[in-house]
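Notes to accompany the following structure.
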Amino acid sequence: MVSASRSGMKLGIGIISAGKVGAVLGAALARAGHTIVGVHAPSDESAERADVLLPGTPHRDVEDIVRTSELVILAVPDREIAGIVSGLAKLKAWQPGHVLVHTAGSMGSEVLAPAAAQGALGLAIHPAMTFTGTSLDLDRLVDCPFAVSGPATILPIAHALVTEIDGIPVEVPSEKRGLYHAALAHGGNHLVTVVAQAMRLLDDAGIPDPGAFLAPLAGASLDGALRSGESLLTGPIVRGDAGTVENHVRELADHPDILATYRAIAKATADRAVTRRIITPSTAKDMERALQCDDGRMMADGGEVTGE
């Protein structure tokens, strides 16, 4: 097996499997001059995606791909990685000099230990981007940050691969990958949930195009947060306006799933506002009572209903 450690070497790459991430990374590496020697596409959808993004690439089974590739991209769900790697190790499919890359964000290279024990070079490379599984993603990889983890002696390979497809490699210690991935899920996936909930409410309020209506505010808020953190935060919480918060709770009574999200995020916002000394602890308690009001009636400390 040819070593991949020499800078600029073009490799024979196998893709397991042709999901949104695997197919796009394969296409990007092919565009950088590498040869895609095989792709595993177990479903009709993944087979079609492979044919579009990796035209002419033979469809092969997993073991055949490993035995005929110099670099293997393991782009499968996180929960499947350990089983695939250990299963192939039992078949003695891994060879010294093999480069094995998994694309899961939540784990480091340790999950590749069975392959490393047979001489493979195991790396974790995770693009911090959401994928459509189409050619549109190729341009989005430019300047995209990639979390790279692995043994220091072979980490330059990860840097080289990411740089070749015009990404930005950022080293993340393997023991911090769980925290890193939680941050991305919270700041990316959960952001989608909140925006989608807001769009549902706007639709119920009669706004004809909720996405277009929300875009300027949401875009400015995200841009401000990315540039300045919490310093540009506005709204009733940081203004200490418990009455408006209570009214929101009343309006959201018919949307219990959204109300639960609103309450949790508003409470977190109030806590941060106290930490930053924007509101007082007393005002935060007013906010908490407003958030827990029942049918719009604020609860006093002793549990009596006020505002009737």
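Only the coordinates and a few stated rules stand behind these numbers; no lab work does. Keep in mind that what you see is a predicted model, and the values were worked out from it rather than measured.
Divide, for region 180-291, the radius of gyration over alpha carbons by 2.2 N^0.38 Å, where N is the residue count.
Ratio of Cα Rg to 2.2 N^0.38 Å: 1.10.
The HN-Hα couplings worked out from phi for region 133-150 by the Karplus form 6.51 cos²θ - 1.76 cosθ + 1.60 (θ = phi - 60°) are x, 10, 5, 4, 5, 4, 6, 6, 6, 5, 6, 6, x, 10, 7, 10, 9, x Hz, whole numbers, x standing for Gly and Pro. Note on the chain: with a GNM built from Cα contacts shorter than 10 Å, the maximum mean-square fluctuation among Ile154, Ile168, Ile279 falls on Ile279. With the convex hull drawn over the C-alpha atoms of region 106-260, the volume per residue is 170 Å³.
Counting pairs of alpha carbon atoms under 8 Å apart in space and at least six apart in sequence, what relative contact order in percent does region 12-172 give? Relative contact order here is 21 percent. Taking a straight Cα-Cα cut-off under 21 Å and skipping sequence neighbours fewer than 8 places away in the same chain, the lysines within cross-link reach of Lys285 are Lys267.
Entry note, the chain: relative contact order of 12 percent, from Cα contacts under 8 Å with a spacing of 6+ residues.
Starting from the Kirkwood Rh over alpha-carbon pairs, what translational D in µm² s⁻¹ does region 227-272 have by Stokes-Einstein at 20 °C and 1.002 mPa s? The estimated diffusion coefficient comes to 188 µm²/s. Principal semi-axes of the equivalent ellipsoid, √(5λ) from the alpha carbon gyration tensor of the chain, are 48, 21, 18 Å from largest down.
For region 58-75, the Karplus equation 6.51 cos²θ - 1.76 cosθ + 1.60, evaluated at θ = phi - 60°, returns couplings of x, 8, 9, 7, 4, 4, 5, 4, 4, 6, 10, 10, 8, 10, 10, 9, 9, 10 Hz by residue, with Gly and Pro reported as x. Between the amide H of Gln292 and any residue lying 5 or more places away or on another chain, no distance stays under 5 Å, with hydrogens modeled in the peptide plane. Close amide H contacts of Leu121 (hydrogens built in the peptide plane, cut-off under 5 Å, sequence separation of 5 or more or a different chain): Gly97, His98, Val99, Leu100.
Centre-to-centre, using Cα atoms only, region 256-285 and region 29-63 are separated by 49 Å. Considering all alpha-carbon pairs of region 12-172, what whole percent are spaced by more than 21 angstrom? Value for region 12-172: 38 percent of Cα pairs lie more than 21 Å apart.
As an equivalent ellipsoid, region 154-215 spans semi-axes of 39, 15, 5 angstrom, where each value is the square root of five times an eigenvalue of the C-alpha gyration tensor, largest first. Across the alpha-carbon set of region 41-136, the Rg to Rh ratio works out to 0.97, Rh being the Kirkwood radius. With Cα atoms as the point set, the radius of gyration and Dmax of region 58-98 evaluate to 10.1, 26 Å.
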